[in-house]
1. Evaluate segment B:171-189: report whether one residue or more is away from chain A (no Cβ under 12 Å), touching a residue at least 24 places away in the same chain (Cβ under 8 Å) and farther than 21 Å from B:Asn249 by Cα.
2. If only one of B:Gly267, B:Gly245 is surrounded by fewer than 20 Cβ atoms within 10 Å (Cβ to Cβ) and at pLDDT 95 or above, which one is it?
3. Would you mention how many residues in segment B:255-273 are on the phi > 0 side of the Ramachandran plot and away from chain A (no Cβ under 12 Å)?
4. So, in segment B:87-106, exactly how many residues are touching a strand residue (DSSP E or B) at 6+ places or on another chain (Cβ under 7 Å) and farther than 18 Å from B:Val180 by Cβ?
5. Answer yes if at least one residue in segment B:132-150 is surrounded by fewer than 24 Cβ atoms within 10 Å (Cβ to Cβ), closer than 19 Å to A:Leu293 by Cα and of a type in the set (S, T, N, Q), and no otherwise.
6. Mind listing just one residue for me: the one in segment A:274-305 that is more than 14 Å from every other protein chain (Cβ to nearest Cβ) and among the aliphatic types (A, V, I, L, M) and, of those, surrounded by the fewest Cβ atoms within 10 Å (Cβ to Cβ)?
7. Would you tally the residues in segment B:269-306 being assigned to a loop (DSSP other than H, G, I, E, B) and among the basic types (Lys, Arg)?
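The values are calculated or read from the model by the stated rules, or taken from the named source; none is laboratory data. Computed from a predicted structure; not experimentally measured. Cβ sites come from the backbone with ideal geometry, for glycine too, and all protein chains shown count toward neighbours.
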Protein chains: 2
Amino acid sequence: MSEHVNICEVGPRDGLQIAPSRMSTDDKLAWIAAMAAAGMREIEVGSFVPPRVIPQMADTEEVVRRAVEIPGLTVIALVPNLRGAQNAWNAGAHKISVPVSVSEGHSRANLNRTPAESIAEMGRLMGWVKAQPRRMEVIAGASTAFGCSIDGTVPTAQVVTVCAGLAAAGVDKIMLADTVGYGHPKQIREVVRAVRAEIGPVLYGLHLHDTLGMGIANALAGLDEGIRAFDSCLGGLGGCPYAPGASGNVVTEDLVFMLESMGFSTGIDLPKLLDARKLLHAGLPAEPLHGQLPKAGIPRTFRAAA
Amino acid sequence: MSEHVNICEVGPRDGLQIAPSRMSTDDKLAWIAAMAAAGMREIEVGSFVPPRVIPQMADTEEVVRRAVEIPGLTVIALVPNLRGAQNAWNAGAHKISVPVSVSEGHSRANLNRTPAESIAEMGRLMGWVKAQPRRMEVIAGASTAFGCSIDGTVPTAQVVTVCAGLAAAGVDKIMLADTVGYGHPKQIREVVRAVRAEIGPVLYGLHLHDTLGMGIANALAGLDEGIRAFDSCLGGLGGCPYAPGASGNVVTEDLVFMLESMGFSTGIDLPKLLDARKLLHAGLPAEPLHGQLPKAGIPRTFRAAA
C-alpha cells in the first residue's frame, strides 16, 4: 500500500480572496462539490472575516452550511479570532484554520496585532473551542514562516518561538506557511527540522506559494523531511492581500501529479480534478489559471499510486 | 567556499529552435554576450543541422565563430552526426552536444535511426574528434531518458544500456535529458543512481523540461543525488520539434535563484541575468517568456552564495 499524503484544497478561500471578480455562492458550491467528487477530502471553503475587508468571503456562513452536507468532506474555514471561531462553529465547520504571523510586519498588516498577542488570542480561542459540546479541530497557520515581504528575512528561531507558543496554547496542528513564497528547499528542510525538534508531531504540514517558482520543489523538500500534508490551490490561484508581492499557491494539479507519480496516494483522481478546474473557470472566467499539467494534459506515462 | 554548480544555457539552441519567429544573428550575439556578462560560462549557441529542417539555426556557423571571441565563454553547439561535428570543429566550437535518443520512437522521429545506430555513429564521431589537433569535448545528450511522448514509459534498464554504449564509444560526458518533461523526482533519483552505477562520473548532468511543472523539483532531486550540472533556458523557452507535447526547458532564472539561495555558487549574477532576459525579449518580441522570479522580482531576502 502507498503512503498517504493529505492535500487540503484552499482555493475557495485563499484562491478567491484576492480575485478581482467574485464567484457566486452557487458556483462556489458546485466547484467544491466537483473537487470532493474528485476525491479531495479537505477543503478550506471560506473565511469568517468582515465582508468590508474581504467581500469575496461574505457568503462563508452559507458556503460552510451547504458544504458540510457533502458526504465525506471535511469542511475548513479560516478565522482570524475567537469571534470567527464561534461563527465557524455555529455554521458547522469541522475544522478551523487560524493564521498567526511569525513576522511582526505581516502580523500588524494582516491581523493588527503582534505575534505574542495572536498567541494570547489563540489561548482564549482554544479555551472556548474545548468547552463546546462538538469539538472543532484547530489548525494554526504560521504565516511568513519562510520570509516576509515587509520584514524581509524571518529567522528560524522566531518561527520556532511562535510555533512553541501556539503548541503551548493547545492548537491541534500547525501548518508552516510560506505566505509570500520566498522560501527555498534548503530553508524548508531547516525550518521543518527546527520546528519539529521543538513541537514534534504538532507540526503537521506546509502551505506553499509559487511566487518564485519554488512551490513544487519546496513541497518535495518537505516530503523528504516527512511532511505528509500540504495546502494547495486549484489553478494556482491565491495570494495574500496584506503580503505585497505574494502570488499564487502551489498548484493542486501539479502537486497531485508529483505525489501520485512518486507513489504517494492522495485519494484524488486527476482527470476528475481537471473537470473541477473547468467549474473554477466557469465560476471565475476572468481569472487566469496556472499549472503545467492542465496545459500539457495528463501524460500517457502517468500511473496513479496504488 | 560554496560548492559550484554548472549551468549551461541552452536558450540560443533549444529555446530558439521551435520559436515561430526567428532571431537575427546580431540579436543572438548580443543576447549571448549579455548572458556571458552575467557570469554564464557555458552557452549552447546553436546546432549544425540542415537549415531546411530547422531554419532558426541556419546561422549557427557564424554564431559560433563570433561567440568564441567572447572572453571566458565555453561555446557549445549541438550536432546530430559526424558531419555536424566536423562543421562545429571547423567553426571553432569548444564543445559539442550530440543527442542520442533512448527511446526507439523518438530516435526514429528525431534522428531517423535506432539508438544502436546512434551509438555506432558516436564511435565514428569520437574517432574523428580524437584525431584532430584541437580536442573538442563531446557531451552526449541521452534524450527521452525519463519518458517519451511517442513510446510512453522508458524503462530505466534501457537508459542504462544506451548510456553504457555511449560511454563505451568514448564520449566525455553524458547529460540525461527529460526531453518531453515527463519525469518526476523519484524517477530522476532512480535513473541517476542506476546510470551512475553503470558509468560512474561519465554521467555529468541533467537537461530538464518543465512540461508538467516538475522542472525545478527534478533539478532538486538531481542535486540531492550529487548532480552538479544542469542545462536550462532563459525565459523557459524550448521544446523539441520531434517530441509532441514537450514544452519549455527549466527556467534559468528560477534555477539560479534556487541554487544560489541554497548556497550553491553558479557564478551567475541574477540582476544581470534579468538584463539579459530583456535582450532575449527584444530579439524575439512575439515569444512569451516564462519564469516566476522575473515576474515577482528578486526578493529582498535573496543572498547569493558566497
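1. Initial filter on segment B:171-189 (away from chain A (no Cβ under 12 Å)): B:171-177, B:179.
Among the residues that remain, those that are also touching a residue at least 24 places away in the same chain (Cβ under 8 Å) are: B:171-177, B:179.
Checking which are farther than 21 Å from B:Asn249 by Cα leaves us with B:171-172.
For segment B:171-189, residues away from chain A (no Cβ under 12 Å), touching a residue at least 24 places away in the same chain (Cβ under 8 Å) and farther than 21 Å from B:Asn249 by Cα: present.
2. Numbers: B:Gly245 fails: at pLDDT 95 or above.
Exactly one residue qualifies, and that residue is B:Gly267.
3. Going through segment B:255-273 one residue at a time, the tally reaches 1.
4. Here is the first cut: in segment B:87-106, the ones touching a strand residue (DSSP E or B) at 6+ places or on another chain (Cβ under 7 Å) are B:88, B:93-103, B:105-106.
So of that shortlist, the ones also farther than 18 Å from B:Val180 by Cβ come out as B:88, B:93-96, B:98.
Count: 6.
5. There is no residue in segment B:132-150 that is surrounded by fewer than 24 Cβ atoms within 10 Å (Cβ to Cβ), closer than 19 Å to A:Leu293 by Cα and of a type in the set (S, T, N, Q).
6. Restricting to residues being more than 14 Å from every other protein chain (Cβ to nearest Cβ) and among the aliphatic types (A, V, I, L, M), the top hit is A:Ala286.
7. Let us first name the residues in segment B:269-306 that are assigned to a loop (DSSP other than H, G, I, E, B), namely B:269, B:284-291, B:297-306.
So of that shortlist, the ones also among the basic types (Lys, Arg) come out as B:300, B:303.
Residues flagged as assigned to a loop (DSSP other than H, G, I, E, B) and among the basic types (Lys, Arg) within segment B:269-306 amount to 2.
Residues are listed down the side, and each one gets a yes or a no for (1) touching a residue at least 12 places away in the same chain (Cβ under 8 Å); (2) more than 14 Å from every other protein chain (Cβ to nearest Cβ); (3) in contact with a Lys or Arg (Cβ under 6 Å, 6 or more places away or on another chain); (4) farther than 24 Å from B:Gly226 by Cα:
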position: B:Asn110; (1), (2), (3), (4): yes, yes, no, yes
position: B:Met122; (1), (2), (3), (4): yes, yes, no, yes
position: B:Met126; (1), (2), (3), (4): yes, yes, no, yes
position: B:Arg135; (1), (2), (3), (4): no, yes, no, yes
position: B:Ile139; (1), (2), (3), (4): yes, yes, yes, no
